[in-house]
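Data block below; observations after.
Quick note: the coordinates plus some simple rules give every number you see, no bench work behind them. This is a predicted model, so every value here is computed, not measured. Cβ sites come from the backbone with ideal geometry, for glycine too, and all protein chains shown count toward neighbours.
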Amino acid sequence: MSAAPTPAAAGRPARTPRFVITCIGVGLLAGLMSGLFGVGGGTVIVPLLVLILGFDQRLAAGTSLAAIVPTATVGVISYAVHGSVAWIPALILAAGAVVGAQIGTWLLPKVSQFALRLAFVAFLLAVIVSLFLIVPSRDAVLELTLWTIVGLVVLGLITGVLAGLLGVGGGIVVVPALMLLFDTSDLIAKGTSLLMMIPTAISGTVGNLRRGNVDLLAAVLVGLAACTTTALGALFATLLDPLAANILFAAFLVFIATQMTVRAVRSRKS
C-alpha cells in the first residue's frame with residue numbers, strides 16, 4: 001500500500017503537452033505584465049496555475065516565486081537602460097524583504113488553502129483600490145532621508161512576508177507604495193521594485209524548496225518564457241500613459257480576483 005501524497009505532491013499536475021504549453025503561455029503573459037507594471041508576475045502566475053492546471057495554492061505560490069527570479073532580472077536590465085532604477089533604495093527594500101520572505105515561507109504550510117485564496121483575493125482588491133488613489137508622475141524622484149530609510153525597511157519586511165506567503169514578488173505592493181507614500185515616479189518605482197524582487201524571490205524560493213512547495217519544471221518553463229516578453233512590456237511602459245496603464249491593470253486584477261473568489265467558494269462547499 002503506497003503512502004498518501006503530501007499536500008504539495010497532491011497538487012502537482014501530470015507532465016503532459018498541455019502542462020508544458022500552459023506553463024509557457026502563463027510565462028509569456030507574466031513577463032509582459034512584469035515589464036509593463038513592474039511586478040514579478042505572481043499576480044498572473046499564481047491564479048493561472050491554480051485555475052488552469054489545478055495547482056495546490058501553496059505549490060502555485062512557491063512555483064511562482066521561483067519563476068520570478070529570471071523574470072525580474074530581465075526587467076531590471078530593461079529599466080536600467082532607461083535610468084529608471086533607484087539602486088540604493090532597492091537594496092534597502094531588499095534587506096527587509098529577504099527577512100520577511102523567510103517569515104512568509106515559514107507561515108505558508110501553516111495556513112489553510114481556503115484562507116490563502118481569500119487572502120490573495122483581498123490582497124488583489126487592495127491593490128485595485130490603490131491604483132485609483134495614485135496619480136503617477138514621471139518627474140518625481142526618491143530622496144533618501146532617515147525616515148525614508150526606516151520606511152523602506154518596513155515596506156521591504158511587509159513585502160517579503162507577502163512574497164513568501166502569496167507567491168508574489170512584491171512589486172504589486174512596492175510599486176503603489178513607492179508612488180503613493182514616497183512620491184516616486186511610476187517608472188522609477190517599477191524599476192526599483194524589480195531589482196528588490198530578485199533577492200526577495202531567491203530567499204523565499206530557498207525556504208519553499210526546503211518545504212517541497214516548488215514545482216521546478218513549471219518554474220523553469222514559466223520563468224524562461226517570461227524572460228522573452230519582459231523587455232517588451234518595459235518598452236510599452238515608457239510609451240503608455242501611466243493612468244491608462246493603471247486602469248488596464250486594475251481591470252485585469254478584477255477578472256483574476258473574481259475567478260479566485262469563485263474557486264475558493266466552490267472548494268469550500270466541496
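Relative to the longest principal axis of the Cα atoms of the chain, helix 87-107 runs at roughly 20 degrees. Inter-label distance, Val265 to Asp183: 4.3 nm, where each label sits 7 Å from its Cα along the C-beta direction.
The listed peptides 218-230, 62-74, ordered by packing as a protection proxy, come out as 62-74, 218-230 (highest mean of other Cβ atoms within 10 Å first). Relative protection proxy for 75-86, 121-132, 185-196, 24-35, from highest mean packing down: 185-196, 24-35, 75-86, 121-132 (other beta-carbon atoms within 10 angstrom). At q = 0.10, 0.12, 0.15, 0.25 Å⁻¹ the log10 of I(q)/I(0) for segment 185-270 amounts to -0.42, -0.60, -0.91, -1.18, computed by Debye summation with a single uniform scatterer per C-alpha, solvent ignored.
Helix-only arithmetic for the chain: the sum of -39500 (n - 2.57) across DSSP H runs with n ≥ 4, divided by the residue total, places the mean residue ellipticity at 222 nm at -26500 deg cm²/dmol. The residue list Val81, Thr258, Leu146 was ranked by how far each Cα lies along the charge dipole of segment 15-269 toward its positive end, using unit charges on Cβ atoms, and Thr258 comes out on top.
When only the Cβ of Lys, Arg, Asp and Glu is charged (+1, +1, -1, -1), the dipole of segment 15-269 relative to its Cα centre reaches about 1100 debye.
Axis angle, to the nearest 10 degrees, between helix 242-269 and the longest C-alpha principal axis of the chain: 20 degrees.
If you line up the long axis of helix 171-181 against the longest principal axis of the chain, both from Cα atoms, how many degrees apart are they, to the nearest 10? It works out to around 30 degrees. Using the Cβ-Cβ distance between Val20 and Ile247 with R0 = 45 Å, the FRET efficiency computed as 1/(1 + (r/R0)^6) comes to roughly 0.85. Normalising the Debye intensity of the chain to I(0), with uniform scatterers on Cα atoms only, and taking log10 at q = 0.09 Å⁻¹ returns -0.35. Please find the FRET efficiency linking Arg211 to Phe114, where r is the Cβ-Cβ separation and R0 is fixed at 22 Å, and quote it to the nearest 0.05. Efficiency, rounded to the nearest 0.05: 0.70.
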